[in-house]
Amino acid sequence: MVEHAAVNRGVVGSSPTFGANFIGEFDNLRPPDTLPTQKTPETAPADVKWPYKVKHRKNGPVLAKIYRPCAGRDSYRVAWSADGKRKMQSFPRFAGEGGAREFAERLARDLAQGSQAPSLSPAEARSALSIRDALQQFRVDTGRTVTPDQAVTDYLAAIRKLGDRPLSEAVSAFLDTVAIVKRVDLAAAIEEFTSARVAKSRSSDGRRAHLAVEYVTITGRYLHHFAKAFPGHAVCDIGKQHLDLFMSDPHRSQLAPKSRNHYRATLKMFLAWAVKKDYLPANHRLLEAPGMERETLTGGDTDFYRPAELRQLLAAADALRPIIAICSLAGLRVQEALRLTYEDLFRVPGHIEVTATKSKTRSRRLVEIVPALAEWLEPYRPCTGPLWPGTAPHYQVQFTKLRASLTIPSRKNGLRHAFCTYHFAAHGNENLTAQQAGNSPAMIHAHYKGLATKKEAQAWFAICPPPAAANLIAFPAGQTATAAS
């Protein structure tokens, strides 16, 4: 018992942080002693009156009693009441270190001061001391002090929320996701994202840029609308409700379903980038928001130009003529045609070479030049350099002016749609049309089947330049080339 008491005092001396807190009250309590009760008890003075009554103050109440050894019991027993229960502990001697009287006097002091330690069982006291030691070791390891109340309260609050899931599992999941997320302002993150994409839209060494300028501009405008809708928000603050609110805004609810899907695709692209930058946890689940659900597009009628309209456009086109002829009679996309040079028209006999750097799909293809197109292009054989030296928006402006001057209605992507429609009608082979147009057979079959007759197709591909104009070429401003005489 002497050895155990010394150990207890050593623990107290090494734990000044806890002072007189609740756990510190157990330092003077001994765990139940089994071995000491088996030793021969040391007798008390002859003048002691039994039971020996212990008070904290002279005129105070009796807080503990010591009973002498009796028949069948060879130890001194200290009895006291705590928390409405009678408790008792045995000691081998009456006085001295580890004796019943010293223990009873400390016990009386604790009871008089309102200590809760005497109300605990020895097992509970040992648990309290273990908690004290664990918190002390935590302070040594981390430099952080956590009180017993804080430790227990936080732990119980956590496991109450987790239910049957262990706390360690939740902490591991947190450290793998949310804990690494950086808090970055939404507007700043969007500016970082769009700036990086602008850099990718610039070409170098004559090579085609990774991204089209028009595409970068449109997606950037969509995202700046999103940032403007939620000022002062961090990326990690964005929830499903924000996406729903953004997509239900009147400015977007009035758009066509295809345009709203473009907004959704842009937001999805930004959120994926934010995850890679650790601005958003990988398990954010924002794409599950109802507003992010892609709308099914109703199959509208494919609109395209008619033979008479194409004849008018080519006759009045001037500088736009080679682009219009190629899009309508070879099926190239406008963006592909605007990237071509005159060399691309005549490098491979009977074909237009669409190189990988100029194709939308970034794969090379050869497009057959039909007889009518060959006649429209022949006057340009001596020319060199780009077909259209200006920008794509400038071409669109000029084409709109030309179409309006001829009172021809607007037909979105109408030249390429016309080629696919009439080519499929003429050949009845979606694979052949898809190869020419750089598209998939399924797309050709789904959107261009049965829109025109073979007779209408023959009329389309029979549109040739008038004989008097076969050797006349109109060049864009600044273009230098020599026409065939």
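Observations
- Residue in the stretch 397-420 that is farther than 20 Å from ALA308 by Cα, small (Gly, Ala, Ser) and surrounded by fewer than 20 Cβ atoms within 10 Å (Cβ to Cβ) present: no
Listed here are the residues, each with its yes/no results for (1) in contact with a Pro (Cβ under 7 Å, 6 or more places away or on another chain); (2) modelled with pLDDT under 85; (3) open to solvent by less than 30 Å² (accessible area, probe 1.4 Å).
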{"residue": "LYS85", "(1), (2), (3)": "no, yes, no"}
{"residue": "GLN113", "(1), (2), (3)": "no, yes, no"}
{"residue": "ALA117", "(1), (2), (3)": "no, yes, yes"}
{"residue": "SER127", "(1), (2), (3)": "no, yes, no"}
{"residue": "GLY143", "(1), (2), (3)": "no, no, no"}
{"residue": "ARG160", "(1), (2), (3)": "no, no, no"}
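- Unique residue being touching a helix residue (DSSP H, G or I) at 6+ places or on another chain (Cβ under 7 Å) and closer than 27 Å to MET269 by Cβ when the list is LEU313, LEU320, LEU338: LEU338
- VAL275 meets the conditions (1) surrounded by 12 or more Cβ atoms within 10 Å (Cβ to Cβ); (2) at positive phi in every case but one. The failed one is (2).
- Residue in the stretch 440-459 that is modelled with pLDDT of 85 or more and within 30 Å of PRO389 (Cα to Cα) present: no
- Spans of helices (runs of 4 or more DSSP H) in the stretch 305-371 with at least 2 residues among the hydrophobic types (A, V, I, L, M, F, W, C) and surrounded by fewer than 20 Cβ atoms within 10 Å (Cβ to Cβ): 307-316
- Residues located in the stretch 396-413, provided they are touching a residue at least 60 places away in the same chain (Cβ under 8 Å) and more than 39 Å from the chain's Cα centre (by Cα): GLN398, PHE399, LEU402, ARG403, SER405, LEU406, ILE408, ARG411
- Residue check for ARG252: surrounded by 15 or more Cβ atoms within 10 Å (Cβ to Cβ) and closer than 21 Å to ALA392 by Cβ: no
- Apart from one condition, ARG57 fits all of (1) at pLDDT 80 or above; (2) assigned to a loop (DSSP other than H, G, I, E, B); (3) exposed (fewer than 10 other Cβ atoms within 10 Å of the Cβ); the exception is (3).
- Residue list for the stretch 71-117, filter: assigned to a loop (DSSP other than H, G, I, E, B), in contact with an Asp or Glu (Cβ under 8 Å, 6 or more places away or on another chain) and not aromatic (Phe, Trp, Tyr): PRO92, ALA95, GLY96, GLY99, SER115, GLN116
- Members of the stretch 198-221 found to be open to solvent by less than 60 Å² (accessible area, probe 1.4 Å), assigned to a helix (DSSP H, G or I) and modelled with pLDDT under 90, listed by number: VAL198, ALA199, VAL216
- ARG139 part of a helix (DSSP H, G or I), basic (Lys, Arg) and open to solvent by less than 50 Å² (accessible area, probe 1.4 Å): no
The values are calculated or read from the model by the stated rules, or taken from the named source; none is laboratory data. None of these values were measured; they are calculated from a predicted model. So basically every Cβ, Gly included, is an ideal-geometry build from the backbone, and we count neighbours across all protein chains shown. Heavy atoms of the whole protein, side chains included, go into the accessibility calculation; ligands, DNA and RNA do not. Shrake-Rupley method; radii C 1.70, N 1.55, O 1.52, S 1.80 Å.
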